[in-house]
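This is the structure I want to talk about, given as structure tokens.
The values are calculated or read from the model by the stated rules, or taken from the named source; none is laboratory data. Since this is a predicted model, take the numbers as computed values, not measurements. Neighbour counts are summed over all protein chains in view; Cβ atoms, including those assigned to glycine, are modelled from backbone coordinates with ideal geometry. Side chains are part of the model used for accessible areas, which takes the heavy atoms of the whole protein and leaves out ligands, DNA and RNA. Shrake-Rupley method; radii C 1.70, N 1.55, O 1.52, S 1.80 Å.
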Amino acid sequence: MITVHHLENSRSQRVLWLLEELGLPYTVKRYERDPKTMLAPPELRSVHPLGKSPVLVDRDPSGASRILVETGAIVEHLVDKADGRLGKPYGDDAAMRYRQFLHYAEGSLMPPLLINLVLGRIPMVGKTAQKRLQPMIDVHLDFVERELGARPWFAGDTFTAADIMMSFPLEAARDRGFLSVGKPITNIWLDTIQARPAYQAALEKGGPYRFA
């Protein structure tokens, strides 16, 4: 049995969505953010020393448990568990794009968005630094817009786990107003994924999610 330790309004929503798409049975343990710091509660440290979410606990029939963190690693594990469904598509180019965007989401796109969020909480100096960071964010979002203009999904013609990985940084970007001008294709893509039945089912399981 799979248990997902899920923090509200966080990356872990993608794990619930993937599980719904794959039809794998799971349970959810929900956690709320500290209202003052907006950080994960200390209870998560009893699950994993990092105290972060998502944390996936996978128990086999013998009762042995495996604990896995990092969204990308969890996604790869679940795709493998589902015999490769929503994984690497057919064709060398599509397979390469799948691998690229599976890691690009957290490795390149999310860091400047997170830095921007942190800077926004620093009076005076933070606003100036945000302006200097904006061109870097624009480069990434322009790249995404061009990629989605070339094909319906990030890897190619079919929906894959790479699209699930890319969802959170792009939802966060739209929430912060970065997609309001000049990104019609990305906005359509976001509307399309959020209308998927499995996405909606994951929202019901996960609770409040400000980016939907």
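Quick test of your reading of the structure: Leu44 fulfils all but one of (1) open to solvent by 30 Å² or more (accessible area, probe 1.4 Å); (2) farther than 15 Å from Ala201 by Cα; (3) assigned to a helix (DSSP H, G or I). Name the failing condition by number.
The one condition Leu44 does not meet is (1).
Residues are listed down the side, and each one gets a yes or a no for (1) farther than 24 Å from Gln100 by Cα; (2) assigned to a loop (DSSP other than H, G, I, E, B); (3) at pLDDT below 95; (4) open to solvent by less than 40 Å² (accessible area, probe 1.4 Å):
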{"position": "Gly149", "(1), (2), (3), (4)": "no, no, no, no"}
{"position": "Phe154", "(1), (2), (3), (4)": "no, yes, no, yes"}
{"position": "Thr158", "(1), (2), (3), (4)": "no, yes, no, no"}
{"position": "Ala162", "(1), (2), (3), (4)": "no, no, no, yes"}
{"position": "Met165", "(1), (2), (3), (4)": "no, no, no, yes"}
{"position": "Ala173", "(1), (2), (3), (4)": "no, no, no, yes"}
{"position": "Thr186", "(1), (2), (3), (4)": "no, no, no, yes"}
{"position": "Arg210", "(1), (2), (3), (4)": "yes, yes, yes, no"}
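Can you pull out every residue in the range 49-71 that is surrounded by 12 or more Cβ atoms within 10 Å (Cβ to Cβ) and under 21 Å from Glu32 (Cβ atoms)? Reasoning before the result, please.
Of all residues in the range 49-71, those surrounded by 12 or more Cβ atoms within 10 Å (Cβ to Cβ) come to 50-59, 67-71.
Leu50, Gly51, Lys52, Ser53, Pro54, Val55, Leu56, Val57, Val69, Thr71 - these are the residues of the range 49-71 that are surrounded by 12 or more Cβ atoms within 10 Å (Cβ to Cβ) and under 21 Å from Glu32 (Cβ atoms).
What number of residues within the range 73-97 satisfy the criterion of being in a helix (DSSP H, G or I) and open to solvent by 20 Å² or more (accessible area, probe 1.4 Å)? Before the answer, list the steps.
From the range 73-97, those in a helix (DSSP H, G or I) are 73-81, 92-97; that's our starting set.
Going one step further and asking which of them are open to solvent by 20 Å² or more (accessible area, probe 1.4 Å), we end up with 73, 76-77, 80-81, 92-93, 96-97.
Looking only at that region, the number is 9.
Considering only residues that are surrounded by fewer than 16 Cβ atoms within 10 Å (Cβ to Cβ) and of a type outside the set (Lys, Arg), which ones fall in the range 109-125? Give the steps one after another, and end with the answer.
We begin by selecting, within the range 109-125, every residue surrounded by fewer than 16 Cβ atoms within 10 Å (Cβ to Cβ); these are 111, 114-115, 117-118, 120-125.
Scanning the range 109-125 gives Pro111, Leu114, Ile115, Leu117, Val118, Gly120, Ile122, Pro123, Met124, Val125.
Looking only at residues in the range 9-35 that are open to solvent by less than 40 Å² (accessible area, probe 1.4 Å) and assigned to a loop (DSSP other than H, G, I, E, B), which one is farthest from Leu78 (Cα to Cα)?
First, the residues of the range 9-35 that are open to solvent by less than 40 Å² (accessible area, probe 1.4 Å): 9-10, 12-19, 22, 24, 26, 31.
From what's left, assigned to a loop (DSSP other than H, G, I, E, B): 9-10, 12, 24.
Details: Asn9: 21, Ser10: 19, Ser12: 13, Leu24: 9 Å.
In this case the residue turns out to be Asn9.
Do we find that Val181 is under 29 Å from Trp17 (Cα atoms), assigned to a helix (DSSP H, G or I) and either open to solvent by 60 Å² or more (accessible area, probe 1.4 Å) or in contact with a helix residue (DSSP H, G or I) (Cβ under 8 Å, 6 or more places away or on another chain) (or both) in this structure? Walk me through it before giving the result.
On the way: under 29 Å from Trp17 (Cα atoms): yes; assigned to a helix (DSSP H, G or I): no; either open to solvent by 60 Å² or more (accessible area, probe 1.4 Å) or in contact with a helix residue (DSSP H, G or I) (Cβ under 8 Å, 6 or more places away or on another chain) (or both): yes.
It is false that Val181 is under 29 Å from Trp17 (Cα atoms), assigned to a helix (DSSP H, G or I) and either open to solvent by 60 Å² or more (accessible area, probe 1.4 Å) or in contact with a helix residue (DSSP H, G or I) (Cβ under 8 Å, 6 or more places away or on another chain) (or both).
Which members of the range 188-208 meet the condition of being touching a strand residue (DSSP E or B) at 6+ places or on another chain (Cβ under 7 Å) and open to solvent by 30 Å² or more (accessible area, probe 1.4 Å)? So that I can check it myself, show each step before the final result.
Residues of the range 188-208 touching a strand residue (DSSP E or B) at 6+ places or on another chain (Cβ under 7 Å): 205-207.
Across the range 188-208, the qualifying residue is only Lys205.
Would you check if there is a residue in the range 52-72 being within 22 Å of Ala172 (Cα to Cα) and either among the basic types (Lys, Arg) or modelled with pLDDT under 95 (or both)? Give the steps one after another, and end with the answer.
To start, the set of residues in the range 52-72 that are within 22 Å of Ala172 (Cα to Cα) comprises 52-55, 69-72.
Now drop any that are not either among the basic types (Lys, Arg) or modelled with pLDDT under 95 (or both), which leaves 52.
Yes, some residue in the range 52-72 is within 22 Å of Ala172 (Cα to Cα) and either among the basic types (Lys, Arg) or modelled with pLDDT under 95 (or both).
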